[in-house]
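Below is one structure, written out as structure tokens; comments come after it.
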Amino acid sequence: MNKAYTALLIAVLSLIPFGSFVIFSLESPNENSEIKTLLDAFYWSTSTITTVGYGDVVLVTDSEKSLQSFTCFQGF
């Protein structure tokens, strides 16, 4: 496997769990949040980083929306 692909795979596989934990920590205390469990956060992180972004789970606070914008660009 090409070294660039390996590095990309490692980056994505490490960013998904990290992003899940951060979003869960920030978003779950908000009562209007759609992210209630760590699995919800993992689903959000995976769909965001892979740029599928179904839109069925959205962040509700401005600070998390800013973080989402940054996270989306990490997939490139």
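Values quoted throughout were computed directly from the atomic coordinates according to the rules given, and no laboratory measurement underlies them. Quick caveat, the model's predicted, so the values are computed rather than measured. Glycine also receives a Cβ, built like all others from the backbone with ideal geometry; neighbour counts cover every protein chain displayed.
Highest average first, the peptides 6-15, 35-44 ordered by how many other beta carbon atoms sit within 10 Å of their residues are 35-44, 6-15. Computed over neighbours whose Cβ is under 9 Å from that of SER28, the net charge equals -1, Lys and Arg +1, Asp and Glu -1.
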